[in-house]
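Colleague: There's a structure below that I have some questions on.
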Amino acid sequence: ESIDLLLAAATADRPESLYGHLLLSVRYREGQTVRSRGFDPVYQYGAITDTNVNKVEYFSKGLFGGFLSLIQPNTFRGTDRLFMQYEQRTLRRYALNLSPEQVRHVMERLWEAERRVIFPYYFLSDNCASMLIDLLAPALDDLSMPRIWRFGLMPTEVLDVFASVQNGDRGPL
């Protein structure tokens, strides 16, 4: 039915989360599934890290691409449990204003990327925010998505980019 972006707010308890975190949420049409909304899929792009890595190694690898990354599927319930209950972070939902055809293109791109995309993860530049642009821009090639690259790209900046893109007569993305 729709594709939403979820913004997990920053928290001072986890320095690596100071920028926040962006996730992609897929919502299905009511009555089309036999499960509740809590089981709708949520995808996040993140670094693959060990649980016992020390802080110096964690930040040096994160800054210089020492971790690999992947697109990880989860459910909304699991995402809620991780970010809101365990990490005490708020989640905000931003619905993308997409046509049914654009939703299909995004889903096709997501399914392909989930199985094939593994890149070095850089905390500041090649992160959850930049990956969403890399993931969505080809799927929405009929729109003029700005190409942005900075040394540090924050999730809130990506939300602003998407809000500035006009999706034809549908209005802002």
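The values are calculated or read from the model by the stated rules, or taken from the named source; none is laboratory data. Since the structure is predicted, the reported quantities are computational estimates derived from the model, not experimental observations. Positions of Cβ are backbone-derived with ideal geometry, glycine not excepted, and every protein chain shown enters the neighbour counts. Note: accessible area is taken over every heavy atom of the protein model, side chains too, but ligands, DNA and RNA are not part of it. Shrake-Rupley method; radii C 1.70, N 1.55, O 1.52, S 1.80 Å.
Colleague: Those residues that are open to solvent by 40 Å² or more (accessible area, probe 1.4 Å) and in contact with a strand residue (DSSP E or B) (Cβ under 6 Å, 6 or more places away or on another chain), I need them from the range 57-81; list them, please.
Modeller: LYS61, GLN72, PRO73, ASN74, PHE76
Colleague: Is it the case that ASP40 is closer than 14 Å to LEU23 by Cα, surrounded by 13 or more Cβ atoms within 10 Å (Cβ to Cβ) and without any contact (Cβ under 8 Å) to a residue 24 or more places away in the chain?
Modeller: no
Colleague: Here is a follow-up. Determine which single condition THR90 fails, assuming it passes every other condition in (1) more than 23 Å from GLU112 (Cβ to Cβ); (2) surrounded by fewer than 16 Cβ atoms within 10 Å (Cβ to Cβ); (3) modelled with pLDDT of 85 or more; (4) over 16 Å from the mean Cα position of the chain (by Cα).
Modeller: (4)
Colleague: Report yes if some residue within the range 47-55 is surrounded by 15 or more Cβ atoms within 10 Å (Cβ to Cβ), within 23 Å of LEU153 (Cβ to Cβ), touching a residue at least 12 places away in the same chain (Cβ under 8 Å) and within 19 Å of the chain's Cα centre (by Cα); otherwise report no.
Modeller: Looking for residues that are surrounded by 15 or more Cβ atoms within 10 Å (Cβ to Cβ), within 23 Å of LEU153 (Cβ to Cβ), touching a residue at least 12 places away in the same chain (Cβ under 8 Å) and within 19 Å of the chain's Cα centre (by Cα), one finds at least one in the range 47-55, hence yes.
Colleague: Spot the failing condition for SER144; the list is (1) surrounded by 15 or more Cβ atoms within 10 Å (Cβ to Cβ); (2) over 24 Å from THR49 (Cβ atoms), and only one is missed.
Modeller: Going through the list (1) surrounded by 15 or more Cβ atoms within 10 Å (Cβ to Cβ); (2) over 24 Å from THR49 (Cβ atoms), SER144 breaks only (1).
Colleague: Against the conditions (1) buried (at least 18 other Cβ atoms within 10 Å of the Cβ); (2) within 25 Å of GLY152 (Cα to Cα), where does ALA95 fall short? Just the number, please.
Modeller: The failed condition is (1).
Colleague: On to the next question. Quick one: count up the residues across the range 17-33 that are modelled with pLDDT under 75 and either surrounded by 16 or more Cβ atoms within 10 Å (Cβ to Cβ) or on the phi > 0 side of the Ramachandran plot (or both).
Modeller: 2
Colleague: Given the structure, is LEU124 surrounded by 19 or more Cβ atoms within 10 Å (Cβ to Cβ), within 17 Å of TYR45 (Cβ to Cβ) and not basic (Lys, Arg)?
Modeller: So LEU124 does not fit the description; no.
Colleague: Here is a check on your reading of the model: is ALA129 closer than 18 Å to ALA8 by Cβ, surrounded by fewer than 13 Cβ atoms within 10 Å (Cβ to Cβ) and hydrophobic (A, V, I, L, M, F, W, C)?
Modeller: No; evaluated as a whole, the condition is false for this residue.
Colleague: Give the residue that is least open to solvent (accessible area, probe 1.4 Å), with candidates limited to residues of the range 147-173 that are among the aromatic types (Phe, Trp, Tyr) and over 25 Å from TRP111 (Cβ atoms).
Modeller: PHE151
Colleague: Quick check on my filter: what residues within the range 104-125 are modelled with pLDDT under 90 and among the acidic types (Asp, Glu)?
Modeller: If the condition is that a residue be modelled with pLDDT under 90 and among the acidic types (Asp, Glu), then GLU112, GLU114 are the ones that fit.
Colleague: Which condition number in (1) open to solvent by less than 30 Å² (accessible area, probe 1.4 Å); (2) closer than 30 Å to ARG37 by Cα; (3) at pLDDT 85 or above is the one that GLU101 fails?
Modeller: So GLU101 meets the others, but not (1).
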